[in-house]
Amino acid sequence: MDRYIGKLLDNRYEILEKIGSGGMADVYKARCHRLNRLVAIKILKEDLSQDAEFRRRFHAESQAVAMLSHPNIVSVYDVSHSDNIDYIVMELIEGITLKQYMEQKGTLNWREALHFATQICKALEHAHSRGIIHRDIKPHNIMILKDGSVKVADFGIARVSSAQNTLTREALGSVHYISPEQARGAQVDCRADLYALGVVMYEMLTGRPPYDGDTPVSVAIQHINGHPTMPREINPSIPVGLEQITMHAMCADLAGRYPSATRMLHDLEEFRKEPNIIFDFSAEADSIDVQRLLNDPNYMPQNLGRTNAVKKPLAEAVAKKKQEEQDRRAAQDPSRRGSRIAVIAGIVCIALAVLVICYFLYNYFFSGLFSKTEEKAVPNFIGMTADSIRQEDYPDFTISIDRYVVSETYEAGIVVDQSPEADRQAKVGSTIKLTVSSGANEVQMPTLVNLTRQNAEQTLNGLGLNLNIQIDERKNDIYTEGYVIETDPASGTPLTEGQTVTLIVSLGPDVELVEVPTLVGEDVDEALKMIAKAGLQNGSIRNDESDLPKGTVTFQSVEGGQMVKKDTVINLRVSKGPEEAATPVVTNLTQDQAVLQGDQVTLSISAYASDDGTLRYAWYRSTDGIYDNAALVSRSKEGNTTCEVDTSEPGTYYYYCIVENSLGDDTKTTKSNMIEIVVQEKAVEKTIEVVMPNTNGLYEVTVYVDGSLQYGPTSVSITDNTAVILEVTVKGKGTLPVDVYLDGSIYDSQLISFE
């Protein structure tokens, strides 16, 4: 079992299952207990987490990406380090990658490709406007949701990984989409993402990437020096305008490529409005070399300024001129007249081949249609054991077992029905389908709760009872969407042939929408209050160069007036104001808590200052809750926002932090609130016995101590009507009730003394 499954990170995120893996990290499905929602957690691989510089860049880039908020970008909720684990908490996406989608469908039609490309371009436009370059746009990083919308994943993370990657076999997946400047190891800007988007469009439209090779290096060299086949040569159904956009984005020369995602998005929208459009990537529309456009498929006018478009009239003129040119060449070129003779000869050969094929098909397949097929009487198999029926004894027919049924009349293995019926005339070589008894054994409804709908249906179909399966979907705050909540009939109920079984399946919790307040222009303290009042979550706060007074909000990640899910994270930018040391603002501190003796507890604090000063953190502890009686326990020079709690001795302790902001010779400090840590004596482990019933069946065992889950759920199978005794280890302190549940119902209750 994966070592992270069941682990609780930061006392908040419970890891449920592994859903993916990559070169840098493994991805898990998890539940946030604080907000009661499902999330995706990307855990940095252990070998990379040992590199301090890599970890620093990983956290810095991830926190920057958390500022992005766009419907086409996977949201980043949190970045943390817990128990020597570095991880990112992200939006959980129910869908498949564009790579998987293309593997299923092959070449996409141009309308679908346009739909996906437009959404990707919108995501890039938003990220680039905030100074974030993806650096690894590829179908593997693009998610397709059930409603057809697109979300781009791994923004900023690629920047960290780029320093680690070399052009090895492992890099082959990304090197197909790498820009020439990236392949050369040069500095990149937003145009590298646009090149990669062009490659993705090329692959969607043609079913293959523009370059391929045996090694990553060979592919990279082609991106630098190669000239790809024009998309319309592979797929002539691609509109000219869309081909132009694709190749303009893929231009190896930076000067000839789209300068921004905004410019590319403009052309995509123009093409969407007018699919017959032909673009002129030159200063003036009349400067197009029409003759070259007709004769040279690799010709692409250069982008010297704004993008102009030549619409239907020019498109029609180009097509007409192309046809006239073809007709003229056909009339003048003797070789073309010779080619006509060759074509006629080819047609004659094809006609002869068709006649031969028709003769073959008639003699081997269709001649029987005009002659009488031999028929024989069907043998009677009812009452025979299926094992005794040998195919070689009945060479005139094919014998197959169609299905098994429960029968009170026939023993298991006896044929109870057949099709066609006995003594009926049937064509020689036809199939006789047998229905065989499975005996009179009672089939019971299995336990399907907490299985996926698909797995539950497969289990029911495997019973061989031809059940009528009905689905009833309901909202549920406990069970994940798509999982079975309840069944009708309940587990253990006898089932009969053709019976209706209803699976009650979760639709997930109800989603509450709230309105985002307008925060720009507000003081940051007031903005934080407004965020909390609106039912939203405070996110990151960054300083911003602005003429507005210090502490004034200059940017919010979600615009005011929009309706979003409750608890959505709102990131802010705040004016730095004058160049002086600002008083640091403490935005959060770990809440009061009770812990067990010897447990590891880490306190953390978040703070910011609206300048470029250096923040330092000093942690104090007292035993009476009085600030003046506290003793210094740790002091950091810079950046360390955590403090390890001493839990060696039981008692009540009070912690607080003084945050210091230094800018030049100026220093300002802020004292946090004081929190209470109660260290309790460590719980005692005790082994109890659970005596299972002596009735055959599969039981789900769960043990609670004082209402808290301590064991299970665990499946226990009882066979031969022989009870088993389970030894279960539980923890507690004092005398506590211990409750044992079977299949969700109370089975046994005990009072256990944990002394």
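The values are calculated or read from the model by the stated rules, or taken from the named source; none is laboratory data. No experiment lies behind these values; they were computed from the predicted model shown. Cβ sites come from the backbone with ideal geometry, for glycine too, and all protein chains shown count toward neighbours.
Is it fair to say residue 379 is closer than 30 Å to residue 479 by Cα, surrounded by 13 or more Cβ atoms within 10 Å (Cβ to Cβ) and either touching a strand residue (DSSP E or B) at 6+ places or on another chain (Cβ under 7 Å) or at pLDDT 80 or above (or both)? When the stated conditions are applied, residue 379 does not pass them. Among the listed residues 30, 66, which satisfies the condition of being aliphatic (A, V, I, L, M), over 17 Å from residue 154 (Cβ atoms) and under 18 Å from the mean Cα position of the chain (by Cα)? Only one candidate passes the filter, namely 30.
Here segment 593-623 is the region considered, the condition is being surrounded by fewer than 16 Cβ atoms within 10 Å (Cβ to Cβ) and of a type in the set (Asp, Glu), and the residue that is modelled with the lowest pLDDT is 612. Within segment 472-496, the residues that satisfy the criterion of being in a loop (DSSP other than H, G, I, E, B), within 12 Å of residue 449 (Cα to Cα) and polar (S, T, N, Q) are 480, 491.
Being more than 31 Å from the chain's Cα centre (by Cα), at pLDDT 65 or above and of a type in the set (A, V, I, L, M) is a property that residue 315 lacks.
Of all residues in segment 134-183, those satisfying the criterion of being at pLDDT 85 or above, assigned to a helix (DSSP H, G or I) and closer than 24 Å to residue 79 by Cα are 140, 141. Could you tell me whether any residue of segment 29-43 is closer than 28 Å to residue 117 by Cα and among the small types (Gly, Ala, Ser)? Checked segment 29-43: at least one residue is closer than 28 Å to residue 117 by Cα and among the small types (Gly, Ala, Ser). When segment 179-197 is examined, which residues are found to be of a type in the set (Asp, Glu) and in contact with a His (Cβ under 9 Å, 6 or more places away or on another chain)? Matches in segment 179-197: 189, 193. So, in segment 486-502, of the ones that are at pLDDT below 90 and farther than 26 Å from residue 718 by Cβ, which residue ends up surrounded by the fewest Cβ atoms within 10 Å (Cβ to Cβ)? Within segment 486-502, the match that is surrounded by the fewest Cβ atoms within 10 Å (Cβ to Cβ) is 498. Inspection of segment 561-569 finds a residue satisfying the criterion of being among the basic types (Lys, Arg) and part of a strand (DSSP E or B). Per the conditions (1) under 19 Å from residue 403 (Cα atoms); (2) free of Cβ contacts under 8 Å to residues at least 40 places away in the same chain, the sole criterion not satisfied by residue 457 is (2). Checked against the criterion of being at pLDDT 85 or above, part of a strand (DSSP E or B) and out of contact with any Asp or Glu (no Cβ under 8 Å at 6 or more places or on another chain), segment 434-456 contains not a single residue that satisfies it. Residue 39 falls short on exactly one of the conditions (1) surrounded by fewer than 18 Cβ atoms within 10 Å (Cβ to Cβ); (2) modelled with pLDDT of 90 or more, and that condition is (1). Filtering segment 503-553 to residues that are of a type in the set (A, V, I, L, M), part of a strand (DSSP E or B) and buried (at least 17 other Cβ atoms within 10 Å of the Cβ) leaves 503, 504, 505, 541, 553. Look at residue 673 and say whether it is more than 30 Å from residue 614 (Cα to Cα), outside any strand (DSSP E or B) and not assigned by TED's automatic domain parsing to the domain that holds residue 448. Taking the combined requirement at face value, the residue does not satisfy it.
The residues of segment 215-266 that are hydroxyl-bearing (Ser, Thr, Tyr) and assigned to a helix (DSSP H, G or I), listed by number, are 218, 246, 262. Remark: pairs (first residue in segment 17-40, free of Cβ contacts under 8 Å to residues at least 12 places away in the same chain; second residue among the small types (Gly, Ala, Ser) and assigned to a strand (DSSP E or B); Cβ separation under 8 Å; 6+ apart in sequence or on different chains) are absent.
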